[in-house]
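The values are calculated or read from the model by the stated rules, or taken from the named source; none is laboratory data. Computed from a predicted model, the values in this text were never measured in an experiment. All Cβ positions, glycine included, derive from the backbone under ideal geometry; neighbour counts span all protein chains shown. Each accessible area value is taken on the protein alone, full model and side chains, heavy atoms only, with ligands, DNA and RNA left out. Shrake-Rupley method; radii C 1.70, N 1.55, O 1.52, S 1.80 Å.
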Amino acid sequence: MKLREESPWRGWRNAWRPASGITVFVVLWWLGSAWYGPFILPSPLEACAALWRLTVGGEALRAALLTSERALGGFAIAGLAGSGIGILAGLRPGLAQALKPVTSILLGIPPIAWIVLAMLWFGTTGLTPLFTVVVTTLPITFAVAVEGARTRDAGLEEMARSFKADRLTLLWDVHLPHILSYLFPGWITALGLAWKVAVMAELLASADGIGANLALARINMDTAEAFAWIIAVVVLLLAVEMLLLQPLQQRIEPWRRNASA
């Protein structure tokens, strides 16, 4: 049977599609700036120029490192704890039923409420955004882990047991590949939420980081600088997702890359 040859244009086509969406967004942004004026909506060029000034001055790097530390640190804690407990709960239905109400309560509390509580407990320190990120993203990682473990293939598990597979082999080679197909989308969702919550907590309860600089830009009525900090957050989020999570997913689940090719 003759294998289908991969088109040399496929890579360009896959790269062109996201680029076209970004181009449309930038064009609409530019038109909106021309309509409303730079005070309400600065142009992409003005926002990028403000970001460049912040980068050259060193403010952008310092703020980005602090916010990244808090967002990624909280995400890592929530991801490890939530995924680990969720997998265990998915494998043990009784534990899942006991923890489900707690998860629902945590998911129902808005991030702003956690920020207020964290301000009362930790004050205007770096622990406030870190704690808020952990407590808001942990239920997401827990829920997807439970669902992934709960929907595992019973027939495949029975076949592995018939070949005398031990518990570690059963978890690593049978359960984990299926669970990861649920975990990665949940991790990406939790990562996006982590950045939003970290910046919001810094804006309300911190003297440093991107959120604090956003608050300062609001006080100074500097719309271009505010957009510059928003661009910085988006760039950091996309960099972590595309340089860390997506390569890790493609390495662990190569069949997804082949299926989408």
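Some notes on this structure:
- Net length gained if the chain between I230 and V116 were fully extended (0.36 nm per residue, minus Cα distance): 38.8 nm
- Accessible area of the stretch 38-101 belonging to carbon and sulfur atoms, whole % at 1.4 Å probe: 75 percent
- Take 64-74, 180-190 and order them by the average number of nearby Cβ atoms within 10 Å per residue, most first; the result is 64-74, 180-190.
- In order along the stretch 176-190, phi translates into HN-Hα couplings of 4, x, 5, 5, 4, 5, 8, 5, 4, x, x, 5, 5, 4, 5 Hz, rounded to whole numbers, per the Karplus curve 6.51 cos²θ - 1.76 cosθ + 1.60 with θ = phi - 60° and x for Gly and Pro.
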